[in-house]
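Input: a single structure, listed below in C-alpha cells.
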Amino acid sequence: MIIVIPARYASTRLPGKPLADVAGKPLIERVYERAKEAGAERIVIATDDERIADAAGRFRAQVCLTSTAHASGTDRLAEVIQRLGIPADTIVVNLQGDEPLMPPALIREVAEKLAAHPDASVATACHPMEDPYEFGNPNVVKVVMDAAGYALYFSRAPIPWPRERMAAGKSDRPVEAFRHIGLYAYRAGFVKEYAAWPPCPPEQTEQLEQLRVLWHGRKIIVHVSDELPAPGVDTPEDLERVRKLFSDTARR
C-alpha cells in the first residue's frame with residue numbers, strides 16, 4: 001500500500017491550511033502521522049507549493065511537486081503515479097491533506113478491501129446513518145450498495161428514499177441508509193485511465209467525481225466501517241476544533 005496525500009496551499013475558506021499549526025506541528029504533518037500509523041510501505045505528499053514541500057522536508061516526508069492546474073486530488077494523484085513510475089497493480093490510497101483525524105485502521109481496511117476484490121477498480125468506505133437531519137443534508141453524501149457490497153450510486157439527495165415511511169409521516173430515522181466516507185483506494189493503473197476521462201453528466205450534476213467511475217461501468221467496492229471519522233478541516237472553526245483535540249490529547 002502506497003499513500004498519497006494531496007495538499008494545496010490555496011483554499012477558499014482557509015488559505016494555507018496544510019501549514020496551520022496543530023499543537024506544535026503543521027496540519028500536513030498530523031495527516032502524515034496517520035498515514036504512518038496505517039502501515040504504508042511508502043507515503044508521498046503531493047503538492048503544487050514550495051512552502052508545503054519545504055515543511056514536509058523538515059519532517060523527512062517524500063514530496064512530489066505537481067502541476068498547479070489540477071482540478072481535483074485524483075488528477076494530482078495521477079501525475080504522482082506517472083512521475084514516480086508506480087506499477088499498475090499497486091494499491092494507492094488517496095488520503096486528503098486536511099484529514100488529521102482519519103483512523104489509521106480505516107485506511108488499512110479500505111486498502112485491504114480493494115486487494116480482496118480484484119474485479120473492483122476502487123474501494124471506499126461508508127458508515128450506517130441514523131440521523132434524519134444528515135439523511136436530508138446535501139452536504140452529507142450517501143451511497144447505496146448492491147448485495148455484494150459494490151456501489152450502485154452516490155448522491156447528495158436522500159437515498160434510498162423510504163417511500164412508505166415518508167408517506168406515513170415517519171421521518172424519525174432513515175432505513176438502511178449509509179453515509180459515504182471520502183477515503184479512496186485505487187489500483188494505480190486505473191487512476192491514469194480515470195484521469196483521461198472527461199467529467200460525466202451525473203458527476204457534474206451532483207458534484208461527485210466518484211460517479212465517473214460508475215458511469216464508465218467500473219466497480220467500486222464499499223467497506224462498511226464501524227467507526228465514523230471525525231470531520232476534516234475545511235473552515236477556521238474546524239481548525240480550532242482539531243487544535244483543541246490534539247492539545248487535550250497531549251495533556252493527558
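Probe of 1.4 angstrom, ligands and nucleic acids ignored: what's the accessible area per residue over the chain, in square angstrom? Write out the running numbers ahead of the final one.
Details: 12090 Å² over 252 residues.
Dividing the accessible area of the chain by its residue count gives 48 Å².
In terms of its C-alpha gyration tensor, segment 187-252 comes out prolate, because a/c is 1.5 or above and the ratio a/b outweighs b/c. Each Lys and Arg Cβ is given +1 and each Asp and Glu Cβ -1; about its Cα centre, the chain then shows a dipole of about 240 debye. At q = 0.08, 0.11, 0.16 Å⁻¹ the log10 of I(q)/I(0) for the chain amounts to -0.31, -0.60, -1.26, computed by Debye summation with a single uniform scatterer per C-alpha, solvent ignored. Taking a ≥ b ≥ c as the square roots of the eigenvalues of the alpha carbon gyration tensor, segment 1-78 is oblate, as a/c is not under 1.5 and a/b does not beat b/c. Surface composition of the chain: carbon and sulfur make up 50 percent of the accessible area, probe 1.4 Å.
Accessible area, 1.4 Å probe, largest first: how do 238, 89, 54 sort? Walk me through the numbers on the way to the answer.
Working: 238 30, 89 120, 54 90 Å².
The ordering from most to least exposed comes out as 89, 54, 238.
Per the Kirkwood definition applied to all pairs of different Cα atoms, how many angstroms is the hydrodynamic radius of segment 121-252? Don't skip to the answer; put the middle values down first.
Numbers: mean 1/r = 0.0602 Å⁻¹.
Hydrodynamic radius (Kirkwood, Cα only) of segment 121-252 equals 16.6 Å.
Just the number, please: Stokes-Einstein D of segment 96-151 in µm²/s, Kirkwood Rh from C-alpha pairs, 37 °C, 0.692 mPa s. For the chosen part, D equals 246 µm²/s.
The alpha-carbon of residue 142 sits under 23 angstrom from the alpha-carbons of these lysines, leaving out residues fewer than 8 places away in its chain: 113, 170, 219. What does the net charge come to around residue 51 if you take all other residues with beta carbon closer than 15 Å to its beta carbon, with K and R at +1 and D and E at -1? For residues surrounding residue 51, the net value is -3.
If you take every DSSP beta bridge whose two residues both sit in the chain, what share of them, in percent to the nearest 5, is antiparallel? Please list the in-between numbers first.
Working: 20 of 38 bridges.
Counting only bridges with both partners in the chain, antiparallel ones make up about 55 percent.
Using Stokes-Einstein with the Kirkwood hydrodynamic radius over Cα pairs, what translational diffusion coefficient do you get for segment 27-135 at 37 °C and a viscosity of 0.692 mPa s, in µm²/s rounded to a whole number? After rounding, the answer is 214 µm²/s.
The values are calculated or read from the model by the stated rules, or taken from the named source; none is laboratory data. Computed from a predicted model, the values in this text were never measured in an experiment. When we count neighbours, we look across all protein chains shown, and the Cβ atoms used for this are built from the backbone with ideal geometry, even at glycine. Surface accessibility is based on the protein's heavy atoms, side chains included, excluding ligands, DNA and RNA. Shrake-Rupley method; radii C 1.70, N 1.55, O 1.52, S 1.80 Å.
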